[in-house]
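Report on the following structure.
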2 protein chains.
Amino acid sequence: MVANNENSLGTTHEFAKKTAQHWPRFQHPLMTFEEQGVANELPLTYVPFKASISKRGLSLSEVVCQSYSVGWFGEMNVKKQRRLVKVLCNYLDGTVNLGGDLDTMNITDYEDRITVPIPKAKGTDYRSSHHKAPFGSKAGRTMIVQPDEPWFDITKFRDVMYKGYISEVFVPYMDPTQEWYYKTFFDAGEFGLGLCAVPLQPKTDCAANAVFMDGYYAGQDGKLIKMSYVICVFERYAGDIMWRHTEIGIPRETIREVRPEINLVVRMVISTVGNYDCIIDWEFKQSGSIKVGVGLLEMKGVKYTHTDQIKEDVYGTLIADNTIAEYHDHFLNFHLDLDVDQENNSFVKSKLQTTKVMEDNSPRKKVAKHESSDGYRFKGMETFWEPAELLVVNPNKRTKMGNHIRYRLIPSFPVALLLSHDDYPQIRGAFTNYQVWVTPYNKSENHGDDTLAIWGHRNREIENKDIVLWYTVDFHHVPCQEDFPVMPTLNGGFELRPSNFFENNPVLKTRSPKNMEWPTCTNKTS
Amino acid sequence: MVANNENSLGTTHEFAKKTAQHWPRFQHPLMTFEEQGVANELPLTYVPFKASISKRGLSLSEVVCQSYSVGWFGEMNVKKQRRLVKVLCNYLDGTVNLGGDLDTMNITDYEDRITVPIPKAKGTDYRSSHHKAPFGSKAGRTMIVQPDEPWFDITKFRDVMYKGYISEVFVPYMDPTQEWYYKTFFDAGEFGLGLCAVPLQPKTDCAANAVFMDGYYAGQDGKLIKMSYVICVFERYAGDIMWRHTEIGIPRETIREVRPEINLVVRMVISTVGNYDCIIDWEFKQSGSIKVGVGLLEMKGVKYTHTDQIKEDVYGTLIADNTIAEYHDHFLNFHLDLDVDQENNSFVKSKLQTTKVMEDNSPRKKVAKHESSDGYRFKGMETFWEPAELLVVNPNKRTKMGNHIRYRLIPSFPVALLLSHDDYPQIRGAFTNYQVWVTPYNKSENHGDDTLAIWGHRNREIENKDIVLWYTVDFHHVPCQEDFPVMPTLNGGFELRPSNFFENNPVLKTRSPKNMEWPTCTNKTS
């Protein structure tokens, strides 16, 4: 048993814990659509703002404002406990900041600070109806077709995960200037991921064989509001192989078996006020694997038109005339309440150890390896940078062979933190200090003013308990010109893969279709 | 400019370099099919071997032998310079080792060492014709259908990569015992990746819309031998999104544009004597990204039927009665001769630096970040474990905005080494010491007895030169019961993504199909 406390972050955790003790316990509800709608209109009737617009010779009807969360930068006073938003107005010859109170719906601060050139509209419109030649490649219809009857049978049930969802999405931007410093969004806690869901467009947002589901949220008055087509479910086939084997060892006979990979995808797309779209796929493989896939632009008007003109720190890439895309990170923290064959599980970091071979009977004199299963209580410290497997194990059940029942986490490429641990946004976003945390399940844990970084220090038993695995998918986004005006999807994610959960390959006996003839399809193009 | 020599591996490189100086310069051609075929038959007429078979009461007709490369374990003597193979015979009540000389085709050593129970055949057969109920899910036809005319136009050419291929595949197994220690395969150099290519099965190995290509290799007599259907090319559509954007900031109007992702896949499957299949996909995205995707079992008879019986090191997982799957690693080293817009390129590790904000004008008092482009000569040292982007840059060309023309490497999850640097297999496989190496292009570099680890120490200029990026995709394979008898595909890979190569998103103006009606398909099931 190893308690990994000798960690460089120990002092930071202490810092966060102490700071939290001194915070007032303020907990704000997230900003509703209705509130944001009213706040966004406030500037349009605010006299100093209207004066600023007319000073620039612009029309008020072209002004669009949006509400942004204000972040937290060490404020301890009463003012902070009001539900404040920043209202930022765009398509202007300049950048205007306003502060508003969501409860009283008043403007509390007003600042008209700088003037920069308006980014050219030319080339920025991504709508196909606004495009002019030369066009890119023209797309023919490419579809996933399933001409036979639906063929999925779910005949057996075993517990794997009680509940899995995105707990928080932390998106800190790296620009310390007045117009950007506060953009350290907590998309789930401040704006609501469900509220940010967008209706999915059949045949482009999801494969043509998809079915759609609606969603509901509670409106300002508490009544249910329906969101249509926010979830789609489809069977994905990408020409991939689920398993295959060629046996070449038997003379004069080649054995070859191949099974195509067809997975069930459940998709949601969110579009945040930070102005990026995020595709979230929960992909269920026939092999028992659960894969989560995730996919992201923001612009800023500047005075530059060529990189040679830039002599100051700009915290971004010049991606078009007068347009800098800001450096930022995305951290998606997943709450994964795994119940592998039952509630009580343990988290095991199974190290792959290099051991010296002492016996004389091996010609590989120096080194060989074996796995040593140091199942130990895990306190939320994990760096990956050593050979190890991360496993959620049911210590109370074994396969017939005697192996413990387990699921394995296959993580994504880990990203190093850019924010210092004592930076205010990082104190709030301290759950990103590590990619992996394990805590006992506790539904009443979150008081709104602490995080996984605090909970992880409570030193509770997590061995053979109902545990929650918290995993963060992280991206640095250093924008490039290809990201303008809308970037091609950047993919990330992780996989929960059965590892001695089944007695053998669970898809070994999947049967191939009776015939694999190409269906005759009539072209319906009118 | 930073020359990263202060590295913990420095001494190992010195060791490898010194060792190489003392090696005799032996260079063997790879083992041809014909040679392996003859070697595999040798035991069947070898008297002591035949006696061993009859001693066990088995039939010689059920014995199948395979040729394995012998590895290198420090031998410096003349005998090593002969082209030796190990011939291992299977389906026996025991494990028998023979040594053979490929040039004289004689048996040089014979060992009949141990007796273990024969693994049960029951449950091990993966052929669908041998399966009995209960079956898994039955598969209906799921196909990628393109009812319109082919629609790819290639209208513009710009250099990105002169040549890309797998340079070596190193697969060391972790078992030091007599029957396994030498299994430290170099699949390309010893067996030939092209020789290991298998014919692809239409509609299961590749999507139904695939076209196939043949390959050729030089036989024992130097004549061309045709391999049919070893490469397939198809357009992959998986219900994924190439780009999308929702504009929610404009009141009473929602703008939503979505383009489905359709990529061109070029696929090859190899099946090695080490008894794993490997799928290699080169995926070309319309956005200019080049993605490489890669996908692996081996069995060993032991005396155990339950893990509780295991008291010694077994270097593997008990995955079925009397069957242990050995721990092993896979390292696929890719030679990527990138010529981004022309031959002369530089490799840049662009660090994301956290800097203290000193100005009083930012409310984010403590910290903010900016990218500092420390373009420096890169000597093959790379750990990833710091915030950085790995870029191949054309320092002689810029976009209109003034950004340097670049491609970015998006690496896969890095795996830590299990073999010690002074272990003989690792000396040969020292190109896996780092995931990334950069060298100047030199077609006559390889003398067969040194590696990237030696070349990287020549300290040659690689700035603004014709450089080669070497990237290793690596996996630990700790087998589990699901991997028996054939494992579900385990995926890895990397992406070369344009990053200021284009002036803006190159797929912005891709046109959607004129209609997205579901084609009417006639079910041809007979």
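Throughout, read-outs are computed from the coordinates displayed, never taken from laboratory work. Just so we're clear, the structure is a prediction, and the values are computed from it rather than from any experiment. With ideal geometry, Cβ positions are generated from the backbone for all residues, glycine too; neighbour counts draw on all protein chains shown.
Could you tally the net charge around A:TYR229, taking each other residue with its Cβ under 10 Å from the Cβ of A:TYR229, Lys/Arg +1 and Asp/Glu -1?
Net local charge, A:TYR229 excluded: -2.
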Cut-off 12 Å between beta-carbons: net charge of the residues surrounding B:ASN333, Lys and Arg +1, Asp and Glu -1: -3
Candidates per trypsin sites (Lys or Arg not before Pro) in the stretch B:399-436, loop by DSSP, up to 14 other Cβ within 10 Å: B:LYS400
Distance in nm between pseudo-label sites at A:MET105 and A:GLU461 (7 Å out along the Cβ direction from Cα): 5.4 nm
Restraint check, A:LYS156/A:LYS397; A:LYS509/B:LYS203; B:LYS203/B:LYS509; B:LYS285/B:LYS349; B:LYS55/B:LYS86, Cα-Cα greater than 29 Å: B:LYS203/B:LYS509
Fewest-first ranking of A:PHE494, B:PHE135, B:PHE331, using other Cβ atoms within 10 Å as the exposure measure: B:PHE135, B:PHE331, A:PHE494
Cut-off 9 Å between beta-carbons: net charge of the residues surrounding B:ILE270, Lys and Arg +1, Asp and Glu -1: -2
Point-to-point label distance, B:ASN491-B:SER228, nm (Cα→Cβ direction, 7 Å offset): 3.1 nm
For A:GLU461, label point 7 Å along C-beta direction: distances to other copies, nm: 6.8
Nearest-first distances (nm) between copies at A:ASP101, label 7 Å from Cα via Cβ: 9.6
Förster radius 56 Å - calculated FRET efficiency between B:ASN442 and B:LEU44, Cβ distance, rounded to 0.05: 0.75
Footprinting exposure proxy for B:LYS443, A:LYS465 (fewest neighbouring C-beta atoms within 10 Å first): B:LYS443, A:LYS465
Burial ordering of A:THR108, B:THR451, fewest other beta-carbon atoms within 10 Å first: A:THR108, B:THR451
Packing-based ranking, highest mean first, of A:59-71, A:497-509, B:412-424 given that Cβ atoms within 10 Å are counted: A:497-509, B:412-424, A:59-71
Other-copy label distances relative to A:MET227, 7 angstrom Cα-Cβ extension, nm: 5.0
